[in-house]
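Structure first, commentary second.
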């Protein structure tokens, strides 16, 4: 979604002149259409989140509209750190995801997610693409962990991790140069939970039993059982 300066200012609750300043001297990506600036919404939030709370930059409250619900008024605690197996069960294990390119595979993966109605799938897809343009999330051995840099903008109330197995391996600019056939996609209500999930995924993928299951695209029951066994110390 492309925003005008006025719309971008409203999104972040700042003055229009502030957005102009960010474009002209702060590095906010924008381009001109018929003499007027246009800003990609996903890129706006990605840029803003990286500067959140800096003096003279994006106010700490500017991204609050995407915050998870306050647990004191009901709903899940956004700061609770879930077991990876529970997050994976919530996100699901999906096989035969189509796509001949990184972008196509990511778009198909986002389409397969179980998401709340208010979450804009195209916004999530564009944000994932922005992250990939900065640096590939392909970690090697045919696995990538696509994720957003600033999870709070998604507005999720509860975390999840989705595992996608691609129909065909896709070039992902991975560290080892190998095409990717499995995507772990963490989605979290805030940075604390996001980093927790990333750490748990990285640890799990160092375990030979988990690596073997992912490499052969095992079924959901087998994969979830292996993650639960790892968490219980019985792996």
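Any read-out appearing in this document is the output of simple, stated calculations on the displayed coordinates, not a laboratory observation. Everything numeric here is computed off the predicted structure, so don't read it as measured data. All Cβ positions, glycine included, derive from the backbone under ideal geometry; neighbour counts span all protein chains shown.
Below is a table of values for the structure above.
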item: Chain lengthening between residue 209 and residue 167 when straightened (0.36 nm per residue, less Cα-Cα); result: 12.9 nm
item: Additional length obtainable on full extension of the chain from residue 31 to residue 81, 0.36 nm per residue less Cα span; result: 14.0 nm
item: Rg to Rh quotient for the chain, alpha carbon positions, Kirkwood Rh; result: 1.00
item: Cα long-axis angle, helix 16-25 against the chain (0 to 90 degrees, to the nearest 10); result: 70
item: Computed over region 154-235: relative contact order in percent, which uses C-alpha pairs under 8 Å that are six or more apart; result: 24
item: Label-point separation, residue 120 to residue 103 (7 Å along Cα→Cβ), nm; result: 1.8
item: The chain: relative contact order in percent, alpha carbon pairs under 8 Å with at least 6 residues between; result: 19
item: Selected from 91, 177, 27 as most flexible by GNM, with the chain as the system and alpha-carbon contacts under 10 Å; result: 27
